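The values are calculated or read from the model by the stated rules, or taken from the named source; none is laboratory data. The structure presented is a predicted model; accordingly, all values stated were derived computationally and were not measured. In this analysis, Cβ positions are derived from the backbone assuming ideal geometry, glycine residues included, and neighbour counts consider all displayed protein chains. Please note that ligands, DNA and RNA were not included when accessible areas were found on the heavy atoms of the full protein model with its side chains. Shrake-Rupley method; radii C 1.70, N 1.55, O 1.52, S 1.80 Å.
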Amino acid sequence: MRYLGSKATTVLALSEIIRRHATQGLLCDCFGGTGTVGSFFKRQGFTVWTGDILKFAHSFQLSRVQLSEPPKFLQLLEALQLRSLTDLEALLNRTICHDGWFVHQYSLLRKFFTVENARKIESCRTLITQWTSKGWISEVEHAFLVASLIDNVDRVANTAGTYYAYLKQWQRKSLQEFRFQFLRPTPGPMDCAAYRMEARELVATRFYDVLYLDPPYNSRDYARYYHLPETLAYGDTPPVRGLAGVPDREHQRSDFVSPVRVEAATEELLEGATFGCLIFHYVDTGLLKPEWLRARLSRLGDLTEYVIPTRGYTTSKEVKSTSQRVYVVN
Ligand SMILES: C[S@@+](CC[C@H](N)C(=O)[O-])C[C@H]1O[C@@H](n2cnc3c(N)ncnc32)[C@H](O)[C@@H]1O
């Protein structure tokens with residue numbers, strides 16, 4: 001799915017940098033998001049531990065990084081008298097339940113989805129909830145269903161990328177028909193693991209051969225920008241508010257998106273770190289200033305810097321290019 005700060009387009013350049021410093025071992029991606037970097041390095045043969053504080057990001061990481069193949073769904077298939085995952089996909093695509101909370105909030109009141117698509121999404125949600133309450137699916141199977149659902153939902157969302165707002169006009173992709181398809185787990189070492197955990201805690205847990213740090217760059221709060229995937233991951237129907245229908249759910253805003261707390265949080269993160277090689281992926285225009293980062297990181301060992309040029313955002317008149325900076329400490 002599209003994700004703020006995703007490294008989908010720069011992961012190849014990043015891997016060329018990392019491979020100059022380390023080619024195997026345990027790699028920790030503790031700000032892992034939807035698992036793009038983790039799954040890439042798992043495929044390259046690294047054992048990957050990945051983390052995030054968001055529930056939906058955790059379900060992506062379980063599906064794409066921890067799992068090497070789709071779960072078997074043995075109990076569910078037996079209960080539903082189905083033979084394969086293809087049958088399960090077909091069932092999720094053909095069942096239409098009653099319209100409910102989701103259709104009302106995110107299609108009738110707010111144009112995030114066409115009514116037809118919202119109905120299909122709501123039906124998948126209802127089935128997953130029923131299967132969970134009957135005890136027919138394990139936690140990992142639940143995460144795999146939910147992450148697959150969110151990935152498919154994102155393909156037909158009438159947004160400019162995040163769920164902070166919906167668009168006034170229906171975008172072409174939002175008029176495509178919603179289809180449920182399973183995500184593809186990544187083949188590779190079997191001892192990879194995903195943790196829903198604060199980055200500072202995961203980092204301090206142990207020694208990592210490669211410690212990859214990709215924190216948020218600015219004050220955008222991921223929990224709010226991705227409230228809708230997060231609600232799909234919770235499977236609940238909370239009271240929602242405002243133009244975007246953000247739930248009232250209690251959540252702790254990350255210290256890494258707070259201009260006031262980010263330096264202290266990064267300080268704490270680095271204090272707890274023991275590693276063979278540390279990679280800090282950031283931008284020069286982020287909350288942490290390059291001089292501050294350089295000074296702090298060089299206290300940990302030999303510092304090398306790389307720049308990955310990327311195409312920035314486009315307006316009708318100009319294409320701005322932003323660069324990502326990769327700091328490597330050995
Ligand atoms: C720049 S994004 C990572 C993008 C990811 N590398 C990718 O390619 O998709 C930063 C991630 O850090 C997570 N995050 C923010 N604060 C965190 C914290 N204190 N502990 C763990 N994860 C956190 C956010 O939820 C978000 O998924």
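Using Stokes-Einstein with the Kirkwood hydrodynamic radius over Cα pairs, what translational diffusion coefficient do you get for the stretch 162-225 at 10 °C and a viscosity of 1.306 mPa s, in µm²/s rounded to a whole number? Don't skip to the answer; put the middle values down first.
Numbers: Rh = 16.8 Å.
The estimated diffusion coefficient comes to 95 µm²/s.
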For the chain, fraction of C-alpha pairs farther apart than 36 Å, in %: 22 percent
Given charges at beta-carbon only (K, R positive; D, E negative), |dipole| of the chain in Debye: 1020 debye
Of all DSSP beta bridges in the chain, antiparallel share, percent nearest 5: 50 percent
5 Å binning of all Cα-Cα separations within the stretch 1-91, expressed as whole percents from 0 upward: 3, 13, 20, 18, 15, 12, 9, 6, 3, 1, 0
Per-selection Kirkwood Rh - the stretch 1-155 (Cα, Å, 1 d.p.): 17.3 Å
DSSP loop GluC sites (Glu not before Pro) with at most 16 other Cβ within 10 Å: longest gap in the chain: 1-176
14 Å beta-carbon shell around residue 70, net charge (K/R +1, D/E -1): -2
Amide H partners (placed H, <5 Å) of residue 50, local residues excluded: 29, 193, 194, 195
Neighbour net charge for residue 295 - beta-carbon separation under 14 angstrom, K R +1, D E -1: 0
Principal semi-axes in Å for the stretch 202-252 [√(5λ), Cα gyration tensor, largest first]: 30, 14, 9
Pair-distance profile P(r), taking every C-alpha pair of the stretch 59-107, with 10 angstrom steps and integer %: 20, 32, 36, 11
Values of log10 I(q)/I(0), in the order q = 0.22, 0.24, 0.27 Å⁻¹, for the stretch 1-41 under a Debye, Cα-only, solvent-free model: -0.74, -0.86, -1.05
Those trypsin sites (Lys or Arg not before Pro) in the stretch 201-239 that DSSP places in a loop and that have at most 12 other beta carbons within 10 Å: 206
Å² per residue, accessible surface of the stretch 1-127 at 1.4 Å: 42 Å²
Choice from 223, 273, 160 with maximal GNM fluctuation in the chain (Cα, 10 Å cutoff): 160
For the chain, built as a Gaussian network whose Cα springs stay under 10 Å, the top-fluctuating residue of 293, 26, 145: 293
Degrees between helix 262-271 axis and first principal axis of the chain (Cα, 0 to 90, nearest 10): 70 degrees
Heavy-atom accessible surface of the stretch 1-43: percent carbon and sulfur, 1.4 Å: 50 percent
Tilt relative to the chain, helix 85-94 - C-alpha long axis, 0 to 90 degrees, to 10: 60 degrees
DSSP-defined beta bridges in the stretch 195-330 - what % are antiparallel, rounded to 5: 75 percent
³J(HN,Hα) computed for each position of the stretch 150-162 - Karplus, 6.51 cos²θ - 1.76 cosθ + 1.60, integer Hz, glycine/proline x: 4, 4, 6, 4, 4, 5, 10, 6, 8, 9, 8, x, 10
Hydrodynamic radius by Kirkwood, which averages 1/r over all alpha carbon pairs of the stretch 216-300, in angstrom: 15.1 Å
P(r) tail fraction, the stretch 122-208 - alpha-carbon pairs more than 14 Å apart, %: 75 percent
Rg followed by Dmax, in Å, when the stretch 155-312 is reduced to its Cα trace: 19.1, 53
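Once you've got the Cα coordinates, tell me which of 7/42; 42/289; 111/173; 72/173 are over 22 Å apart.
Pairs exceeding the cut-off: 42/289; 72/173.
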